[in-house]
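Before any comments, here is the structure.
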Amino acid sequence: TENKYRGCGGNLKTRSTELGSAVTGSSLTAVLPASILILKETTVKKSIVLSSESRKELAKQAKVTKEERRAQIDGRHKYLISRLADGIDLSEQQVEDAIISDDKFQLIGQFFGPNGLKKLLFFYQDVLQQKSNASLMSDGSTNSLPQKKLFITMGSTEDFTGTCAFFLRTSDEVITASNVSQEVNFGMFDCTNGNILQGLESFLSQIMIPALKSQQ
């Protein structure tokens with residue numbers, strides 16, 4: 001009886017060893033059932049398709065949003081756009097495209113309203129922008145290149161390293177296309193050298209102080 005059990009144990013051990021060798025020494029396709037591999041491959045393909053469809057849907061929504069905002073552009077917006085284009089040396093079309101693509105576009109409406117925002121700030125500086133066809137690096141990051149970008153800002157969340165353009169209200173009246181040039185002041189100062197104080201000092205000495213003296 002003892003020999004019989006030993007024999008059975010030996011057979012089980014041998015079979016277990018053979019199975020282990022088959023798993024470790026063979027490819028995954030040789031060990032796993034074909035149905036599991038097909039299911040896995042189908043799931044991966046489905047994920048890729050869904051990801052592509054999601055990107056297309058987001059792009060479609062962004063396009064609709066931009067066109068809706070473009071339809072809202074009136075004389076007040078065009079005044080801001082023309083001042084920004086002249087000051088930053090961009091075309092008015094470039095400025096308009098930047099504004100309607102901005103996540104903070106609603107701040108412009110808040111600036112125009114009665115008792116609205118006292119200031120409206122724009123930064124024009126290098127920002128890291130991911131390429132649309134960028135591939136993942138080995139560390140999980142993506143290829144990004146610094147590019148000049150004009151964007152609306154509250155002035156408290158982004159580092160200031162370029163040019164700041166600002167609009168200031170002179171009263172709490174609602175801003176219209178007919179009074180925007182009287183109710184809104186425009187100014188700029190440069191900080192491309194990374195020194196905000198120097199940029200502000202230059203703005204005050206070259207623009208603000210001469211303007212105040214001319215009104216005396």
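Each value in this text was obtained by applying a stated rule to the coordinates, not by laboratory testing. All of these numbers come straight from a predicted model, not from anything done at the bench. All Cβ positions, even for glycine, are placed from backbone atoms using ideal geometry, and neighbour counts span all protein chains on display.
Below are the figures for this structure:
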quantity	calculated
Built amide H within the under 5 Å cut-off of Leu117, gap 5+	Phe111
Student exercise, region 86-131 dipole from Lys, Arg, Asp, Glu Cβ charges, in Debye to nearest 20	320 debye
Label-point separation, Ser181 to Ser52 (7 Å along Cα→Cβ), nm	5.3 nm
Inter-probe distance in nm under a simple model that places probes 7 Å from Cα toward Cβ, at Asp172 and Asp86	3.1 nm
